[in-house]
1. Just 25, 11, 107 to compare: in a GNM of the chain, with alpha carbon springs under 10 Å, which one fluctuates most?
2. What relative contact order, as a whole-number percentage, does the chain give when Cα pairs under 8 Å and 6 or more residues apart are counted?
3. Does anyone have the angle between helix 191-210 and the longest principal axis of the chain? Alpha-carbon axes, 0 to 90°, nearest 10?
4. Could you work out how far helix 168-178 tilts from the main Cα principal axis of the chain, as a 0 to 90 degree angle to the nearest 10?
5. Relative contact order (percent) for segment 66-188, with alpha-carbon contacts under 8 angstrom and 6 or more residues of separation?
6. What's the ranking of 202-208, 17-23 by average number of surrounding C-beta atoms within 10 Å, highest first?
7. Once the convex hull of the alpha carbons of the chain is built, what does its volume come to per residue, in cubic angstrom?
8. Which of 171, 200, 125 ends up with the largest GNM mean-square fluctuation for the chain, with Cα atoms connected below 10 Å?
Ligand SMILES: [Zn+2]
């Protein structure tokens, strides 16, 4: 599932090709993408408008349009954009310079939502907390959020209102870097641990962006390349392998139904 580094990689490749361009033709092939709104109405709203910016907010992509409207895209499990024709095409944006931007989604959980300018910021503010790579995400803020919750730490970290854009992979990697156990109750995390965790989250996400994300099955960049972050995983998906820091065998457990990997020695429960 695309997380912040994957969505940011896609944004960075879309922006130079889309910004300043008019959406000359918009075709949506799958009613699930826009429901409960009619796919023809959504396509009509977009057609003829000009893209002024391609932004990322947490795991959302936002195409800001000259009219003030915005197209908010959530890729969910397997959504992605491509310059070349691909299988499982769900929508097509044809630009005024002839560029064809294909939206692909194998499992069809992705969503396209058109919002008016005045609706955009409140909608995003309700879904997303601070951007972890931005100035509002501080050790103090994270510490305050954790102190209010008794759920397992990792479950709290996956709440997009706590850390926008963080998902299963980068949460495990950040917890390992910070040497904190994912199962510990969030409100028992010390201020020091929360500070280390905030830094570890930023470091894990930055590494992910540098590697253009991680490709486990479907994710490709718009250029068609795979990410390479999966080669750098320290714990994620590595149960039975030695911890890169202490050589103890990495353990797999579940937190909130999600597969979770950690080192029992570096990340003790107590
Ligand atoms: Zn270890």
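1. 107
2. On the way: 577 pairs, mean separation 48.5, N = 270.
Relative contact order comes out at 18 percent.
3. The angle comes out near 40 degrees.
4. Orientation of helix 168-178: about 40 degrees from the principal axis.
5. Values: 175 pairs, mean separation 26.8, N = 123.
Value for segment 66-188: 22 percent.
6. 202-208, 17-23
7. Details: hull volume 33.3 nm³, N = 270.
That works out to 123 Å³ per residue.
8. 125
The numbers here are math on the coordinates, done by the rules we state, and not lab data. Note that the structure is predicted; figures quoted are calculated from it, not measured. Reconstructed Cβ throughout: ideal geometry from the backbone, glycine too, with neighbour counts over all protein chains shown.
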